[in-house]
Amino acid sequence: MTISSQAPARVDLAGGTLDIWPLYLFHENSQTINFAIQCYARCRLTPRRGKEIEIVSGDLKRRETFSSFEAMKSNTRFTLPLPARLVLAFESAGRDRPPGLSSKRQASLPRAKSRGMPALPSGFTLETDSDVPAGSGLGGSSALHIAICGALAKFTGARFAPQKMIELARNVEAQVLGVPTGEQDYYSAMFGGLQAIHLTPHGIQPERLTVTADEINSRFILCYTGQSRNSGINNWEVQKAHIDGNRRVIRHFDRIAAIAAEMRMAIAGREWNLVARLLDQEWQARKKNHPGITTPGIERMMALARRHGALAGKVCGAGGGGCVVFLVKPEAKRSVEAALAGEGVRLLPTRMASRGLRVSQTR
């Protein structure tokens with residue numbers, strides 16, 4: 001038996017960084033707009049005889065082996081910390097309770113539903129791979145977390161509601177990175193499609209926007225700068241400035257929140273010229289938050305694309321490198337792509353992924 005799973009990366013159009021708790025609580029009508037793309041993180045889990053656990057990363061070319069779960073649990077450092085920490089989290093899914101709680105109180109808490117089988121029925125090999133360039137700003141690590149969660153849930157028999165699986169993936173990633181993480185990447189990986197992810201005091205409320213894949217595919221171009229960036233550092237520096245009361249940063253986030261709300265309405269109304277203006281306004285506002293968000297290379301790429309017909313563009317994720325997305329008129333898409341490719345820019349697929357996490361099992 002082999003369990004296979006995949007989850008898509010995403011392109012964010014507006015409202016990024018606002019999705020980090022508690023920033024969205026300080027701005028009215030906070031939301032993030034993104035769409036999932038056919039650029040996937042994948043996981044394959046194969047049970048094995050005995051207790052040995054093997055974790056293999058295809059894209060990082062790394063491997064880590066443990067003689068048993070007990071040996072894995074005794075480790076304090078891992079070669080592949082993201083999947084290892086998720087395995088540790090899933091081992092007790094649906095079985096352990098926080099110390100000090102009575103059985104009656106524990107029964108009232110939300111939890112994964114177990115089918116009565118051990119959390120880890122046997123040893124296994126967990127292999128991961130990804131289409132997403134490292135440090136691309138496309139939420140690749142979050143998509144990988146969702147793919148791993150999907151495979152581990154199938155293997156252990158733990159049944160999580162989508163939001164609970166997102167919560168687990170987000171919390172484990174924050175543990176590994178050592179800084180707060182956002183919400184939007186997990187929702188695109190879990191559900192796919194084009195979404196307005198509403199960030200409210202009552203929780204995260206994803207809204208699927210009914211725009212066809214063909215409309216998205218014909219109007220957006222995605223390219224990789226070749227320069228990796230660390231989203232955790234950029235976002236954390238901006239978040240610290242916001243919480244410290246930096247009025248300039250707070251004003252910029254007020255504007256970013258307003259732009260995202262306007263963009264949701266513009267996309268719903270298929271007002272693509274307005275979407276382009278808002279995309280450019282979002283980029284201009286975002287650049288003011290931190291000097292490392294743009295680079296000379298990114299600015300040259302932006303100028304080149306505009307000269308050949310791009311209406312607007314912005315960096316994906318936290319900036320400082322990674323990917324850039326451009327909005328173009330359908331008739332100009334080929335000429336803009338040709339101009340970028342002619343300068344050695346790596347183009348990535350922008351076909352929208354209508355579905356999110358998929359898990360299958362073969363014998």
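Where a number appears in this text, it was derived from the coordinates with a stated rule and is not lab data. Given the structure is predicted, the values throughout are model-derived calculations rather than measurements. Reconstructed Cβ throughout: ideal geometry from the backbone, glycine too, with neighbour counts over all protein chains shown.
Cα axis of helix 296-307 to longest principal axis of the chain: angle in degrees, 0 to 90, nearest 10?
Orientation of helix 296-307: about 60 degrees from the principal axis.
Using DSSP to call loops (not H, G, I, E or B), can you name the trypsin sites (Lys or Arg not before Pro) in the range 23-63 whose Cβ has at most 16 other Cβ atoms within 10 angstrom? Write down the numbers at each step before the final one.
Numbers: sites: Arg42, Arg44, Arg48, Arg49, Lys51, Lys61, Arg62, Arg63; in loops: Arg49, Lys51, Lys61.
Listed in order of number, the matching sites are Arg49, Lys51, Lys61.
Please provide three numbers in whole Å: the alpha-carbon extents of the chain along the principal axes, with the largest listed first.
Each principal axis gives a Cα extent; for the chain these are 61, 43, 36 Å.
If you fit an axis through the alpha-carbon atoms of helix 272-287 and take the longest principal axis of the Cα set of the chain, what angle between them do you get, 0 to 90°, nearest 10?
70 degrees
Give the distance, in whole Å, between the Cα centre of the range 276-343 and the Cα centre of the range 31-86.
34 Å
Straight distance only, please: which aspartates and glutamates reach the Cα of Lys61 with their own Cα at less than 15 Å, same-chain residues fewer than 8 apart left out?
Within the straight-line limit of under 15 Å, Lys61 reaches these aspartates and glutamates: Glu127, Asp129, Asp131.
Nothing charged except the Cβ atoms of Lys and Arg (+1) and of Asp and Glu (-1): what's the magnitude of the dipole of the chain about its Cα centre? Round to the nearest 20 debye.
On the way: 49 positive and 31 negative charges, 142 e Å.
About 680 debye.
Can you tell me the order of 250-262, 315-327 when each peptide is scored by its average per-residue count of other Cβ atoms within 10 angstrom, highest first?
On the way: 250-262: 20.3, 315-327: 25.5.
Descending mean neighbour count gives 315-327, 250-262.
Which GluC sites (Glu not before Pro) in the range 1-98 pass both tests, a DSSP loop state and at most 12 other beta-carbon atoms within 10 Å? It would help to have the intermediate numbers written out before the result.
On the way: sites: Glu28, Glu52, Glu54, Glu64, Glu70, Glu91; in loops: Glu28, Glu52.
Taking the range 1-98 and a limit of 12 other Cβ atoms within 10 Å, the loop GluC sites (Glu not before Pro) found are Glu28.
Quick one: which of Lys288/Lys329; Lys164/Lys329; Lys154/Lys329; Lys73/Lys164; Lys154/Lys240; Lys154/Lys314 span more than 32 angstrom between C-alpha atoms?
Values: Lys288/Lys329 27 Å; Lys164/Lys329 39 Å; Lys154/Lys329 43 Å; Lys73/Lys164 23 Å; Lys154/Lys240 38 Å; Lys154/Lys314 38 Å.
In this structure, Lys164/Lys329; Lys154/Lys329; Lys154/Lys240; Lys154/Lys314 exceed 32 Å between Cα atoms.
List the equivalent ellipsoid semi-axes of the range 212-348 in whole Å, largest first, each obtained as the square root of 5λ for an eigenvalue λ of the Cα gyration tensor.
Details: eigenvalues 134, 76, 24 Å².
Semi-axes, largest first: 26, 19, 11 Å.
Counting each DSSP H run of 4 or more residues in the chain as -39500 (n - 2.57), what helix-only mean residue ellipticity at 222 nm follows after dividing by all residues, to the nearest 500 deg cm²/dmol? Mind showing how you got there, number by number?
Details: 12 runs with 142 residues, N = 363.
That calculation yields -12000 deg cm²/dmol at 222 nm.
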